[in-house]
Amino acid sequence: MSIFNSNTLREVAQQFGTPAWVYDAATIRHQIRQLRDFDVIRFAQKACSNTHILRLMREEGVMVDAVSAGEIERSLAAGYSNIEQSESIVFTADIIDRETVELVVQHHIPVNIGSIDMLHRIAEKAPRHPIWIRVNPGFGHGHSEKTNTGGANSKHGITLDDLPQAITLIQQYGLDLIGIHMHIGSGSDLEHLSQACNAMVEIVKFANVDIRAISTGGGLPAPYLINDEKLDTSIFFRLWDEARRDIENHLGHAIKLEVEPGRFLVANAGVLLSEIHCLKSTQQHHFVLVDAGFNDLLRPSMYGSYHKIEVIHQDVNYKPVRSMAAPLNYAVAGPLCESGDVFTQDANGVICHQTLDNPRVGDLLVFNDAGGYGASMSSNYNSRPLAPEILMDDGHYRLIRKRQQISDLLALEVL
Ligand code: LLP
């Protein structure tokens, strides 16, 4: 069942139209609380980068990770400042362009370095700059090969082979090394995440250098299917805390332990709301066509991701009546002029089905657990404007991003 009640979603659809993203602040705060044992919770904002969500995070004492100049600007707009609180923003990447170097130096933003070339570029501009090293531990794991960020197929991080050279350069330049960071992939599981703890201890010993902090990266899973297990955050913390202690014993002083989740904080806190515009059947499938497409929610088309879909009947007095003739299983698709615009598909693009309760034209369709990598991955494909975002907090909802207008798109092309 959706985290929102049907009447709320009907009201939201009426007021703001569809498609629309709706988030629940209480769910985000609940997720944050589960990670309070870590010294620093750093939100990987690529999962949901609306400045109002960032402001909520900041008010809860959560720091932020940025992966582009745009995400740095978002962090600053949301009130993060490394001058007021050092290290509240960290920039993570494998390359850094000249404009972004200026930005990180100007705002004292530590850089989490994922390549030797990036290391040179920072050092040339600011030889004493604070940095992290992002290490590729030689293995990785994600919910898809596309989100696995470790091992020989990954472009991310400094490999173990390159680590000694990176350390030598850092020392030669006099860069200020804060810590070692590792992110093995997104949508991982406890078993693989715990392998990263052991690897971190080995890597810190191998690096043979003093540090003040370690970061677990992100990758904490969120449940999408009814049977998906919730991450036991106390076990997750205990494993990392043990790794931290081993490293403290080795270095002879205390170090900070950071966690860098994206999905875990927001995925289950958001839905995409759409309206049904058409029902049609082929010999293979009963299709339900809605006004949201993969320009809004890309995950099913990109990874075959599952999002539980529910009908909200426009008729508030609707009572389920199951006629023997009515189909139960539907393929749900969007308006885009591309066959892959289907929300019910597996990772190979094979169309699957979900059971829906008597969907009809005019009813609303809700895509659950879409708060992470939902709005932030949207595009303007087929010249469709970005959908509005609405935040529900303390019983009230408010618009936190307006619907983009077609004129906004055209304006960029008026030369
Ligand atoms: N830290 C770093 C360096 C990352 O690259 C990422 C995600 C995270 C943290 C946060 O990972 P999380 O806790 O959210 O798993 N678009 C994909 C996910 C791509 C993740 C990219 N990096 C999806 O929709 O599943």
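The values are calculated or read from the model by the stated rules, or taken from the named source; none is laboratory data. Everything numeric in this text was worked out from a predicted model, so none of it was measured. Backbone-built Cβ (ideal geometry, glycine too); neighbour counts: all protein chains shown. Protein only, heavy atoms only, side chains kept; ligands, DNA and RNA dropped before computing areas. Shrake-Rupley method; radii C 1.70, N 1.55, O 1.52, S 1.80 Å.
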With R₀ set to 22 angstrom, the calculated FRET efficiency between the beta-carbons of residue 120 and residue 253, to the nearest 0.05, is 0.15
Expressed in nanometres to one decimal, the distance between label points 7 Å along Cα→Cβ at residue 171 and residue 403 is 6.1 nm
To the nearest 20 debye, the chain has a Cα-centred charge dipole, built from +1 on Lys and Arg Cβ and -1 on Asp and Glu Cβ, of 500 debye
Rounded to the nearest 5, the percent of DSSP beta bridges in the chain running antiparallel is 45 percent
Counting every C-alpha pair in segment 159-230, the percent lying more than 21 Å apart is 37 percent
Kirkwood Rh over alpha-carbon pairs of segment 205-245 plugged into Stokes-Einstein at 4 °C, 1.567 mPa s gives a D in µm²/s of 102 µm²/s
For the chain, averaging the sequence separation of alpha carbon pairs under 8 Å that lie six or more residues apart and dividing by its residue count, the contact order in percent is 18 percent
Residue-normalised value, i.e. accessible area per residue, for segment 375-415 at 1.4 Å probe, in Å², stands at 67 Å²
One finds, for residue 97 and residue 355 with R0 = 56 angstrom and r their Cβ-Cβ distance, a FRET efficiency to the nearest 0.05 of 0.70
Quarter of the surface of the C-alpha convex hull for the chain, i.e. direction-averaged projected area in nm², equals 21.8 nm²
Along the dipole axis of segment 311-415 (charges at Cβ: +1 for Lys and Arg, -1 for Asp and Glu; origin at the Cα centre), the most positive-end residue among 349, 375, 407 is 407
Scoring segment 1-144 by relative contact order with C-alpha pairs under 8 Å, at least six apart, yields a percentage of 14 percent
Here the equivalent ellipsoid of segment 263-393, derived from its Cα gyration tensor, has semi-axes (largest first, whole Å) of 23, 18, 14
Percent relative contact order for segment 106-184, counting Cα pairs under 8 Å at least six residues apart, stands at 38 percent
For residue 308, counting only lysines whose alpha-carbon sits under 27 Å away and dropping same-chain residues fewer than eight positions off, the answer is 46, 146, 230, 280, 319, 402
Computed curve, segment 153-299, Cα-only Debye sum without solvent term, log₁₀ I(q)/I(0) at 0.21 Å⁻¹, is -1.33
For segment 264-390, whose charge dipole is built from +1 on Lys and Arg Cβ atoms and -1 on Asp and Glu Cβ atoms, the candidate among 279, 294, 333 with its Cα farthest towards the positive end is 279
For segment 10-146, using Cα atoms only, the Rg and Dmax in Å read 17.1, 56
The extension gain from residue 108 to residue 318, computed as 0.36 nm times the residue separation minus the Cα-Cα distance, is 69.9 nm
Expressed per residue, the solvent accessible area of segment 1-54 in Å² (1.4 Å probe) is about 39 Å²
Here P(r) for segment 322-379, Cα-Cα distances in 10 Å bins, as whole percents, is 18, 46, 31, 5, 0
On the formula 1/(1 + (r/R0)^6), with r taken between the Cβ atoms of residue 14 and residue 229 and R0 of 45 Å, the FRET efficiency rounded to 0.05 is 0.75
One finds the C-alpha centres of segment 280-333 and segment 392-407 to be spaced, in Å, by 25 Å
Whole-percent carbon and sulfur contribution to the accessible surface of the chain (1.4 Å, no ligands, DNA or RNA) stands at 49 percent
Given the candidates 106, 32, 88, the one whose Cα lies deepest towards the positive end of the charge dipole of segment 1-158, counting +1 at each Lys or Arg C-beta and -1 at each Asp or Glu C-beta, is 32
Quick calc, segment 284-323, dipole around Cα centre from Cβ unit charges on Lys, Arg (+) and Asp, Glu (-), nearest 20 debye, gives 200 debye
Residue separation between residue 33 and residue 277 times 0.36 nm, minus their alpha-carbon distance, gives in nm 83.8 nm
Residue-normalised 222 nm signal for the chain, counting each DSSP H run of n ≥ 4 as -39,500 (n - 2.57), nearest 500 deg cm²/dmol, is -8500 deg cm²/dmol
Applying the gyration tensor rule to the Cα atoms of segment 119-165 (axes a ≥ b ≥ c; rounded if a/c under 1.5, else prolate if a/b exceeds b/c, else oblate), the class is prolate
Probe 1.4 Å, heavy atoms of protein chains only: per residue, the accessible area of segment 215-345 in Å² is 45 Å²
Filtered hits (aspartates and glutamates, Cα-Cα < 12 Å from residue 205, offset >= 8 within chain) -> 246, 248
Per the rule of 0.36 nm per residue minus the C-alpha distance, extending residue 55 to residue 382 adds in nm 114.5 nm
Largest-first ranking of 397, 80, 224 by accessible area, probe 1.4 Å, whole protein assembly kept, is 397, 224, 80
